[in-house]
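Remarks on the structure that follows.
The values are calculated or read from the model by the stated rules, or taken from the named source; none is laboratory data. Note that this is a predicted model, so its numbers are computed, not measured. Using ideal geometry, Cβ is built from the backbone for each residue, glycine included, and neighbour counts are taken over all protein chains shown.
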Ligand code: MN
Ligand code: MN
């Protein structure tokens, strides 16, 4: 069966939409396994797997006005040009009062998006990695440097990282020295996701939050299809808890680093489901 080439239920036009999904098929700086540029279209395909109705909540995704813009044409650009293009597009979305939902692509795409937001927002990064290197392979906009670049726009006190479990020594000590707030996956396993969420809430208070979701935060057994898999990750239920706890504060999000080449098919299904879960939670908030 052939499915439409847009994200399921994202059938509103641009002008009427409140939420705009767009793909950023970019993987030029990926180091270990390339292929994240194929993710937006794979996730769109996978999105047709699900019911629009949620029996738990009684809400239907058809009740939200979602537009799928398609993919930005960035594939062959240099990292800095790609970021500029993503920045300009996100600026336009914000000016038009749209809620941005980006599908990467590698993690470096988030720099362009977040730079388009005002600098007084907070950032929550779900990631197996700190991404706090100053440069990697001489590239400042490498996917291993995302949080470092973001911290040049957003105060480091308002950036939090959840689920990390791998860092370079210099990177780790630099992050610690600058008081970057992070909770590793081992602590989450030990103390539970609720406690981790509480400490992030205490840190960020009622601030508006941009969520950048590097999908390798999930354990590779849930999500094998990613560019730099790292064992001992968090679970799907942990991620559900995080999305549900923060969604009323979230003003934009991206999902990055899905790598369909290494997928059995289940990773793109899960990625599509998590986007849908977030949107469903927004319906509940809108209906309060
Ligand atoms: Mn990352
Ligand atoms: Mn990562």
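Looking at the stretch 134-150, can you tell me whether even one residue there is surrounded by fewer than 21 Cβ atoms within 10 Å (Cβ to Cβ) and in contact with a strand residue (DSSP E or B) (Cβ under 7 Å, 6 or more places away or on another chain)?
No, the stretch 134-150 has no match at all.
Looking at the stretch 165-188, can you tell me whether even one residue there is within 13 Å of ligand 1 (Cβ to nearest atom), out of contact with any helix residue (DSSP H, G or I) (no Cβ under 6 Å at 6 or more places or on another chain) and free of Cβ contacts under 8 Å to residues at least 24 places away in the same chain?
no
Just one of the numbered conditions (1) surrounded by 21 or more Cβ atoms within 10 Å (Cβ to Cβ); (2) away from ligand 1 (no atom under 15 Å from the Cβ) is not true of residue 258; which one?
Only one criterion in (1) surrounded by 21 or more Cβ atoms within 10 Å (Cβ to Cβ); (2) away from ligand 1 (no atom under 15 Å from the Cβ) is unmet by residue 258, namely (2).
Restricting the search to the stretch 226-243, which residues are at negative phi, within 14 Å of ligand 2 (Cβ to nearest atom) and part of a loop (DSSP other than H, G, I, E, B)?
Listed by number, the residues that qualify are 227, 228, 229, 230, 231, 233.
The rows are residues; the columns are (1) at pLDDT 95 or above; (2) within 16 Å of ligand 1 (Cβ to nearest atom); (3) farther than 22 Å from residue 114 by Cα.
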{"position": "237", "(1), (2), (3)": "yes, no, yes"}
{"position": "240", "(1), (2), (3)": "yes, no, yes"}
{"position": "247", "(1), (2), (3)": "no, no, no"}
{"position": "251", "(1), (2), (3)": "yes, no, no"}
{"position": "267", "(1), (2), (3)": "yes, yes, yes"}
{"position": "273", "(1), (2), (3)": "yes, no, yes"}
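Of all the residues that make up the stretch 197-216, how many are within 16 Å of ligand 1 (Cβ to nearest atom) and either within 14 Å of residue 163 (Cα to Cα) or at pLDDT below 95 (or both)?
Residues that pass the stated criteria total 6.
Mind checking which pairs have a first residue in the stretch 140-157 that is within 14 Å of residue 113 (Cα to Cα) and touching a residue at least 12 places away in the same chain (Cβ under 8 Å) and a second that is part of a helix (DSSP H, G or I) and more than 15 Å from ligand 2 (Cβ to nearest atom), Cβ under 6 Å, 6 or more apart or different chains?
141/79; 141/80; 141/83; 150/114; 153/115
For the stretch 32-52, which positions are touching a helix residue (DSSP H, G or I) at 6+ places or on another chain (Cβ under 8 Å) and more than 29 Å from residue 91 (Cα to Cα)?
Matches in the stretch 32-52: 33, 49, 50, 52.
Tell me which of these residue 231 doesn't satisfy, since it passes every other one: (1) more than 25 Å from residue 29 (Cα to Cα); (2) surrounded by fewer than 19 Cβ atoms within 10 Å (Cβ to Cβ); (3) touching a residue at least 12 places away in the same chain (Cβ under 8 Å).
(1)
In the stretch 194-217, which residues are in contact with a strand residue (DSSP E or B) (Cβ under 6 Å, 6 or more places away or on another chain) and not in a helix (DSSP H, G or I)?
Answer for the stretch 194-217, where residues must be in contact with a strand residue (DSSP E or B) (Cβ under 6 Å, 6 or more places away or on another chain) and not in a helix (DSSP H, G or I): 207, 208, 209, 210, 211, 212, 213, 214.
Kindly evaluate residue 253 against the criterion of being touching a residue at least 24 places away in the same chain (Cβ under 8 Å), touching a strand residue (DSSP E or B) at 6+ places or on another chain (Cβ under 8 Å) and away from ligand 2 (no atom under 16 Å from the Cβ).
no
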